[in-house]
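Notes follow once the structure below has been shown.
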Amino acid sequence: MANTEKDLMVSSSAFNDGGNIPTKYTCEGEAINPPLKIDNIPQGAKSLAIIVEDPDAPNGTFDHWIAWNIPPESDIRENRNVGVSGMNSAQKTGYYPPCPPSGIHRYYFYLFALDNDLDLKEGANKQQLKDAMKEHVMAIGVLMGRYEKGKK
């Protein structure tokens, strides 16, 4: 990745960093993406990309949401399909809600500010996205939430 001049500040009105993701945004609720707020977007950023992953999945990291060419705005509203969607680990495009088989899992919402739009076809996977944005990352931010099924 290119040198990052500063960090994006990623937050959500639905949960605090390190806090519990409300059921609404999981497989036990409405299964929609939570609202995200992105601050400190560098001047000159042309687009944003998002990768949401669960490193605690039993078979290795599970990709929940991959998207790019998102307008560099400070808000991603809930239940909003943004940018161009990539293929998640469920072999679907768009947001795939937290649904851990057992125990508490961590979900990392990584946001990337990019200096251009990416020439990447819909349905590309996480590695293809990482390769495409390698030389274009201006800033990175992360928000982590936790979820355990059956816990309100």
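Every read-out reported here was derived from the displayed coordinates using simple, explicitly stated rules and does not represent laboratory data. Model, not experiment: these values are computed from the prediction. Neighbour counts are summed over all protein chains in view; Cβ atoms, including those assigned to glycine, are modelled from backbone coordinates with ideal geometry.
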Length gained when the stretch ASP39-ASN79 is fully extended (0.36 nm per residue, less Cα-Cα span):
12.4 nm
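From Cα pairs below 8 angstrom and at least 6 apart in sequence, can you work out the relative contact order of the chain, rounded to a whole percent? Could you put the intermediate results ahead of the total?
Details: 392 pairs, mean separation 49.4, N = 152.
Reported relative contact order: 32 percent.
Please state, to two decimals, what the Cα-based radius of gyration of region 40-86 comes to when divided by 2.2 N^0.38 Å (N = residues). Before the final figure, lay out each step's value.
Values: Rg = 12.8 Å, N = 47, 2.2 N^0.38 = 9.5 Å.
The value comes to 1.34.
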Under the Karplus relation 6.51 cos²θ - 1.76 cosθ + 1.60, θ = phi - 60°, what is the ordered set of whole-Hz ³J(HN,Hα) values for region 139-145, x standing for Gly and Pro?
7, 10, x, 9, 10, 10, x
Two-site label geometry, LYS121 and CYS99: point separation in nm, points 7 Å out along Cα→Cβ
2.7
GNM of the chain, Cα pairs under 10 angstrom: of ALA113, ALA90, ALA31, the biggest fluctuation goes to ALA90
So, R0 is 41 Å and r is the distance between the beta-carbons of LYS134 and GLU28; what FRET efficiency does that work out to, to 0.05?
0.65
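Student exercise: in region 1-126, how many lysine pairs 8 or more apart or on different chains have Cα atoms under 18 Å apart?
On the way: LYS6/LYS37; LYS6/LYS46; LYS24/LYS37; LYS37/LYS46; LYS46/LYS121; LYS92/LYS121; LYS92/LYS126.
Count of close lysine pairs: 7.
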Solution diffusion estimate, µm²/s, Stokes-Einstein, the chain, Kirkwood Rh from C-alpha pairs, 25 °C, viscosity 0.890 mPa s:
160
Suppose only helical runs count, i.e. DSSP H with n ≥ 4. What mean residue ellipticity at 222 nm does that imply for the chain under -39500 (n - 2.57) per run, divided by all residues and rounded to the nearest 500 deg cm²/dmol?
-1500 deg cm²/dmol
Karplus-derived 3J(HN,Hα) from phi for region 94-111 (6.51 cos²θ - 1.76 cosθ + 1.60, θ = phi - 60°), whole Hz, x at Gly and Pro, runs x, 6, 10, x, x, 7, x, x, 6, x, 8, 10, 9, 10, 9, 9, 8, 10
